[in-house]
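What follows is one structure encoded as structure tokens, with my remarks underneath.
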Ligand code: F0G
């Protein structure tokens, strides 16, 4: 088989500003060893997130010029609405400025104390919006999803038996919704199978619980189904996506991922009464229902992005790039989550830096080493992000200490990815030199964004 090439030519470029190892050491120290406090211009390859960082196509940029900025009834809204309906088949489409705005509206409407929202794994903002309403979020990931280094085709699946047991324990009347995250971001970008969606739907239906999809990376999930699930090899990705959504009563989406947009999102559903309630809130917080916190030009970009993302030569390149990097690392002995997810490579920092105890944050230490070695910015997903303190002030660590390297869509070429692999392997070979970190300043919530740290002496 020949090399899978980037299925695009580059028309517009942005410079990367090179700096030296010595400069990066100083930059990282000045940023208190927190990658969120490093200026983007000081980063060579930015893998902090795949959200809002896509390269838009010339077609999308042309669409931006055609955006109609009417306050009400803009034709750009109708193009957006049609694009979302074509993929999801859902009846009521509500634009929002990004994914978490859709979540805020949905969970303010359906949440509240004593209620439980069940998921494979809730993303942080989804969980935060559920908890902010007074309700609880419950993650019921399948057994395969709990083992980062043991490959399985659909490690994002929801544990259907655990779901049934949970319903028996809490009562269906206290579960306003089940929400499946596809692909499962917090679980390594791992896909959910069609069979699992179907089985979850059957349980939901039997108990009258609506099924929603957190659809940020729906196209990547659909492509994994095509590659890995019996009976889907000859179906096109659009048809697979349509089937996934056919089991759903609604969806939330951040268009900053699989719609290639730099901003945007939506909330969609079949229940007219719920849609009305959500639109009432939308008007207070986001805007009129035909723009919902977005400019007409953003709605155009999303509509076009949703058409482009189901293109299979794009998805082949996309999924292959992540797999290519994962394989290179695995072959060099670097501990990495397997199989590769859809949007990011996850390094297992606990296995990579066994000499750094969890209370010295091995994930964050690895993030710092990657930056100093090669100007690569990733993010810790471990005890810095999820750790809590017990009553004695001792760290209750997270189960896993991971570093996520999320790959922006259509932005980096194969030589960028080769460079990333070289840097990681270099860091891996010199891993004994990496030191742990201690916290010097932290916020009570979501501390990883603003934390200040220093190396242990
Ligand atoms: N759901 C999932 C699965 C996500 O990954 C995100 C964002 C959201 C919801 C919220 O969307 O950012 O538009 O408000 N994930 C980004 C990330 C931030 O880096 O993984 P948003």
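Could you please tell me which pairs satisfy a Cβ distance under 9 Å, a separation of 6+ or placement on different chains, a first residue in the range 77-104 that is free of Cβ contacts under 8 Å to residues at least 40 places away in the same chain and closer than 18 Å to residue 67 by Cα, and a second residue that is away from the ligand (no atom under 16 Å from the Cβ) and in a helix (DSSP H, G or I)?
These pairs meet every condition: 81/303.
Which of the residues belonging to the range 317-334 are buried (at least 16 other Cβ atoms within 10 Å of the Cβ) and touching a helix residue (DSSP H, G or I) at 6+ places or on another chain (Cβ under 8 Å)?
Those that are buried (at least 16 other Cβ atoms within 10 Å of the Cβ) and touching a helix residue (DSSP H, G or I) at 6+ places or on another chain (Cβ under 8 Å): 318, 319, 321, 324, 325, 328, 329, 334.
Can you tell me which of (1) farther than 16 Å from residue 177 by Cβ; (2) within 16 Å of the ligand (Cβ to nearest atom); (3) touching a strand residue (DSSP E or B) at 6+ places or on another chain (Cβ under 7 Å) is the one residue 248 doesn't meet?
Answer for residue 248: the failing condition is (1).
Among the residues of the range 412-432, is any closer than 30 Å to residue 220 by Cβ and not in a helix (DSSP H, G or I)?
yes
Can you name the helices (runs of 4 or more DSSP H) wholly within the range 278-374 that have at least 3 residues being in contact (Cβ under 8 Å) with a residue 60 or more places away in the chain and touching a strand residue (DSSP E or B) at 6+ places or on another chain (Cβ under 8 Å)?
In the range 278-374, the matching helices (runs of 4 or more DSSP H) lie at 312-331, 362-374.
Given (1) buried (at least 24 other Cβ atoms within 10 Å of the Cβ); (2) within 16 Å of the ligand (Cβ to nearest atom), where does residue 137 come up short, assuming only one miss?
Failed condition: (1).
Among (1) away from the ligand (no atom under 16 Å from the Cβ); (2) assigned to a helix (DSSP H, G or I), there is one condition residue 102 misses while meeting the rest; what is its number?
Looking at each condition in turn, residue 102 falls short on (1).
Only one of these conditions is not met by residue 406: (1) more than 16 Å from the ligand (Cβ to nearest atom); (2) under 30 Å from residue 262 (Cα atoms); (3) crowded, with 19+ Cβ neighbours inside 10 Å. Which number is it?
That leaves (1) as the condition not met.
Readers should treat all values here as calculations from the given coordinates under stated rules, not as data from a laboratory. These numbers were taken from a predicted model, which means no experiment stands behind them. Cβ atoms come from the backbone with ideal geometry, glycine included; neighbour counts cover every protein chain shown.
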